[in-house]
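Following: one structure in structure tokens, then a few remarks.
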Amino acid sequence: MMVVISYDVSTETTDGKRRLRKVAKACEAHAQRVQNSVFEANLDYSTFLKLKEELLKIMDKDSDSMRFYYLGNHWKRRIEHIGVKSGYDPEGTIII
């Protein structure tokens with residue numbers, strides 16, 4: 001299932017900057033960054049739930065926000081990309 005994850009972490013404090021790095025690192029381990037604070041993840045449901053739980057433990061619900069957009073399995077017709085930074089194929093070969 002394809003999920004879009006976006007977040008806004010308050011970086012006014014040192015702790016906020018630390019949370020921002022942790023959120024980005026957790027997302028990068030499971031998803032593709034498509035904009036500064038936006039990731040696309042093509043995951044099975046149990047892996048997504050683990051990632052979501054990890055992110056919710058990191059965030060401060062009083063000063064940060066996080067959004068999950070569930071695009072499901074038929075996501076290809078729901079994403080349109082216009083502009084710079086060409087898209088990627090999340091089902092293609094991954095080179096690490």
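A few comments on the model shown:
- In segment 2-76, Rg over Rh equals 0.97, where Rg is the alpha-carbon radius of gyration and Rh the Kirkwood radius from pairwise Cα distances.
- Difference of contour (0.36 nm per residue) and Cα-Cα distance, Asp44 to Val84: 11.5 nm
- Tally of Lys pairs whose C-alpha atoms are under 26 Å apart, taken over segment 2-76, 8 or more apart or cross-chain: 18
- Applying a DSSP loop filter and a limit of 11 other Cβ atoms within 10 Å to the trypsin sites (Lys or Arg not before Pro) in segment 1-79 leaves Lys61.
Read-outs: derived from the displayed coordinates by stated rules, not from any lab. Because the structure is a prediction, the values reported are computed rather than measured. All Cβ positions, even for glycine, are placed from backbone atoms using ideal geometry, and neighbour counts span all protein chains on display.
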